[in-house]
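Worksheet: the structure to be examined is printed underneath.
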Amino acid sequence: MSVVGAFSLVLHTHLPYVISHGKWPHGMDWLNEAAAETYIPLLRVFDQLTREGISPKVTLGLTPVICEQMADSVFKEEFISYLTLKAEAAKIDVASFQKTSADTDAETNLHMRRLAEDWESYYTELIRDFTETYHQDLVGAFRRLQDDGHIEIITCAATHGYLPLLYEDSSIDAQLRTAVESHKRHFGRAPQGIWLPECAYRPFREWSSPLGGDVSRMRRGLEEFLDRHNLRYFYVDSHLIEGGKALGVYMERFEALKKYWMDFSKGYTEVNEEFKRSPYQTYLVRSRGNFLGRVYAYVRDPRTGLQVWSGEHGYPGDGQYLDFHKKRWPGGHRYWRVTSAKVGLGEKQLYHPEKARERILENAGHFKEIVRQILVHEGTDAEGLPVIAAPFDTELFGHWWFEGPRWIYHMLKWVNEDPNLALMTGSEYLDQVTTHRVVSLPEGSWGEGGFHHIWFNPDTTWTWELIYPAERKMREAARQWGHHKDPRVKEAMKQLAVELLLLQSSDWQFLISTVSARDYAETRVVEHNHDFNLIHEILLKLTSGQEPDGQAWSQYQSIRQRDTLFPDADPNWWRGENLFSDPD
């Protein structure tokens, strides 16, 4: 039988910079949890597949900020301590469950003791794999898989800055250039693809600040910035191709977002059906007639996405899977299953791993068949070989959905074994399939409503009131002091750039809007804005022949020791002069 289509699993791996910025409940333990529950389990899955002669062909997005953190010695030390504490907590649970009393259900106690023993083994094996199998180098482990041709690693904006809303073109360009240079340092090659933060895109159009108070100007489409850095492709949500409104991938997970959607959707009108296009192919993106670059857009497939993302219809909501929310304190281990989305934490029933494994097999087989049916029956409108691009947040698999990595293993294995289907990475598909279909995409994202309101709304406007002046200050500082000979100025300029990048992270607006870690996000915005301005004041003094006061200089040194990412960032990237050789 001949191949009827390609399947491309795309995983977007990202967390904000948390090293030396808190630990629990918000901060370093986010990274520890993700590495323990998602990153190492995925490495195990990829390695198992390759040992079995199956190349997973996953397109893996590793954001520059997550790579910087995984490569940091602070993370490596903290992670081993975290795993050790989790293993010890499980051991304490084992001892606790061994103590039976007259009012204790002996069978239940025995089952929970076995689960606790599983947790102890889980974290003990993680320590072994991290130290012995992967030699404390997770970035290197992913690089090896790419070097062997089994996965493709793509990049993202340096700190996940929300590109369509950044004020200065130099800020967009610097987010991308920092990303490319960081990627080359970690993986020994330039990236070919990119995950635009939040799949947010802006075409060539007249633009003015959403804060108001400035004169509108024509701004280039993001595809022109990508082409400038030799990035061949990116991903968009299906509504940007089809013309319909987006419900957003986060709606099911964050109740607070519904209020923003309700406010935004008032007066929203549907686009005529005749403009719908197939989501099962790539498109050349051009929002300006005289732009001749070759940048392609992949389209997120809504049907396969629903099977995983949806809280109501998705696999992670299956009653047999491990429940994310109910934990036994103080160790924080989980012993209960989802049971039902309609029951409270007090009604959750005990987790049975063997029943969960049965559901993994059923769900993986079901998903593979959906992929085949879509390509056979709905891929016929595509130009050339149809492709399903299935992008997800990596942390969904393992962290939110504990069984997710094993589901990926079986799903990829069965897609590979189906003679109708081919696994392909983003670049492999473009190398094999030529498209001549050109689109001008509308502005939007994969957030609720398909636009920017999660990141720009009444609760987050104040963050942009800090970001925009900082962007302008950075541009002017780069033009005035970018080639300054004083080594202290050079060092301060680099740290100024780092603080701006951290201030621009889209995570802060997202966490504020979802109310999932609002206080932490607001604190981080205020902190990085303060530190940026403190460094800027030091630069003003140094460049005018004055010495900064001792307290400010001491604070600056602490900032340098705390935020050590992107050592190769060049402040001159923020000059914003002659970014493009062709005239507007």
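What to note about this one:
- In this calculation the C-beta distance from S516 to F580 is compared with R0 = 51 Å, giving a FRET efficiency of 0.85.
- Mean sequence separation of contacting Cα pairs (under 8 Å, at least six apart), scaled by the length of the chain, corresponds to a relative contact order of 21 percent.
- Electrostatic bookkeeping for Y429 treats Lys and Arg as +1 and Asp and Glu as -1; over the other residues with beta carbon under 13 Å from its beta carbon, the sum is -2.
- Distance between the C-alpha centres of segment 505-557 and segment 6-71: 28 Å, rounded to the whole angstrom.
- Nearest-0.05 FRET efficiency for T108 and R185, computed from C-beta distance (R0 41 Å): 0.20
- Relative contact order, whole percent, for segment 461-574 stands at 35, derived from Cα pairs under 8 Å and 6 or more residues apart.
- Sites D568 and E52 - FRET efficiency at Förster radius 45 Å, r taken between beta-carbons, to 0.05: 0.75
- Per-peptide packing, taken as the mean over residues of other Cβ atoms within 10 Å, places 31-38, 213-220, 387-394 in the sequence 387-394, 31-38, 213-220 from highest down.
- Here the gap between Q561 and K23, fully extended at 0.36 nm per residue and compared with their Cα-Cα distance, gives a gain of 192.0 nm.
- Which of K541, K57 has the fewest Cβ neighbours within 10 Å, and the rest in rising order: K541, K57
- Under the criterion of Cα pairs below 8 Å and six or more residues apart, the relative contact order for segment 359-474 equals 23 percent.
- Cα centroid of segment 72-99 to Cα centroid of segment 395-428, whole Å: 30 Å
- Within-12-Å neighbourhood charge of N533 [Cβ basis; K, R +1; D, E -1]: -3
- In this simple spin-label model, placing a label point 7 Å from the Cα along the Cα-to-Cβ direction at both D459 and R217 gives a separation of 3.3 nm.
- 10 Å-binned pair-distance histogram of segment 461-574 (Cα, whole percent): 14, 45, 31, 9, 1
- Summed residue charge, Cβ within 12 Å of V58's Cβ, Lys/Arg positive, Asp/Glu negative: -1
- Peptide packing: for 77-84, 347-354, 58-65, the average count of neighbouring Cβ atoms within 10 Å per residue gives the ranking 58-65, 77-84, 347-354, highest mean first.
- Between N230 and V3, the distance separating the two model label sites (each 7 Å from Cα on the Cα→Cβ line) works out to 2.6 nm.
- Take the Cα of I92, go 7 Å toward its beta carbon, and the backbone nitrogen atoms of segment 311-352 under 13 Å from that spot belong to 328-333.
- Residues whose amide H comes within less than 5 Å of that of E152, counting only those at least five positions distant or on another chain, are V58, T59, L60 (H built at 1.01 Å from N in the peptide plane).
- When each of the peptides 189-199, 431-441 is scored by how many other beta carbons lie within 10 Å of its residues on average, the order from highest to lowest is 189-199, 431-441.
- Distance between modelled label sites at K355 and E312, nm, 7 Å Cα→Cβ extension: 2.5 nm
Values quoted throughout were computed directly from the atomic coordinates according to the rules given, and no laboratory measurement underlies them. Fair warning: this is a prediction, and the values are worked out from it, not measured in the lab. Neighbour counts are summed over all protein chains in view; Cβ atoms, including those assigned to glycine, are modelled from backbone coordinates with ideal geometry.
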